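Asks: What follows is a structure written as structure tokens; I'll ask about it next.
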Amino acid sequence: MIRNTTRNQKLGWVLFIAYLALLVYFMFFAESFGRNPDLREYSYNLELFKEIRRFYKYRKQLGMEAFLLNIVGNVVGFMPCGFFLPIISRRSKKFYNTFLFSFCLSLCIETTQLVFRVGSFDVDDLLLNTIGGFAGYIIFVLARGVWERYSGTNRK
């Protein structure tokens, strides 16, 4: 496996693993994101758009920081996933594989949060994280197009 990988794939793997380590830290251990070990209750939301509507409706009371952290943070937090997957995996060059992997990774994180009572299981987070993974894939495609145009290469 390592012999057949390019330099870019190896760098992509290193960056992807570093991204996953940071993601695990922020999702499960960062106290600044509400991970309080003393408050361990089951918390979940299975109604699509419920938390998104709540954060939008009460954005002035909750503060713009909480609104942006929840809505934009969930999207931006998964953009590296969608960006690095096509670099490290030939299969992920197809958008649906990256889309599916982003969804499955988000589902694993949300389920782990529910089982270990660290954070909450939220279908809105699943949606926003998957959108973030897809947005990262779009950025990858655009960056690859620019790279190929200006470097004179055309790889598939």
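Only the coordinates and a few stated rules stand behind these numbers; no lab work does. Fair warning: this is a prediction, and the values are worked out from it, not measured in the lab. When we count neighbours, we look across all protein chains shown, and the Cβ atoms used for this are built from the backbone with ideal geometry, even at glycine.
Asks: Grab the Cα-Cα distance for Val115 and Val141, subtract it from 0.36 nm times how many residues apart they are, and report the gain in nm with one decimal.
Replies: In short, 5.8 nm is gained.
Asks: Take every Cα pair under 8 Å in the chain that's 6+ residues apart, average their separations, divide by the length, and report that relative contact order as a whole percent.
Replies: 31 percent
Asks: Using amide H atoms built in the peptide plane, which far-off residues or other-chain residues are under 5 Å from Asp122 H to H?
Replies: For Asp122, the qualifying residues are Asn45.
Asks: Counting other C-beta atoms within 10 Å, and keeping those with at most 11, which DSSP coil chymotrypsin sites (Phe, Trp or Tyr not before Pro) do you find in the range 108-156?
Replies: Phe116
Asks: Oh, and also: What fraction of the Cα pairs in the chain, stated in percent, has a spacing above 29 angstrom?
Replies: Summing the P(r) tail past 29 Å for the chain gives 25 percent.
Asks: With a/c under 1.5 counting as rounded, go ahead and sort the range 94-156 into rounded, prolate or oblate using the C-alpha gyration tensor (a ≥ b ≥ c being the square roots of the eigenvalues; past the cut-off, prolate if a/b is larger than b/c, else oblate).
Replies: Judged from the Cα gyration tensor, the range 94-156 comes out prolate (a/c at least 1.5, a/b above b/c).
Asks: Could I ask something else about it? To test your reading of the geometry: what angle, between 0 and 90 degrees and rounded to tens, separates the Cα axis of helix 123-151 from the longest principal axis of the chain?
Replies: Tilt relative to the chain: about 20 degrees.
Asks: Next question, about the same structure. Quick one: angle between helix 95-115 and the longest Cα principal axis of the chain, in degrees between 0 and 90, rounded to 10, please.
Replies: Helix 95-115 sits roughly 30 degrees off the main axis of the chain.
Asks: In degrees, nearest 10, range 0 to 90: what is the angle between the Cα axis of helix 64-88 and the longest Cα principal axis of the chain?
Replies: Orientation of helix 64-88: about 30 degrees from the principal axis.
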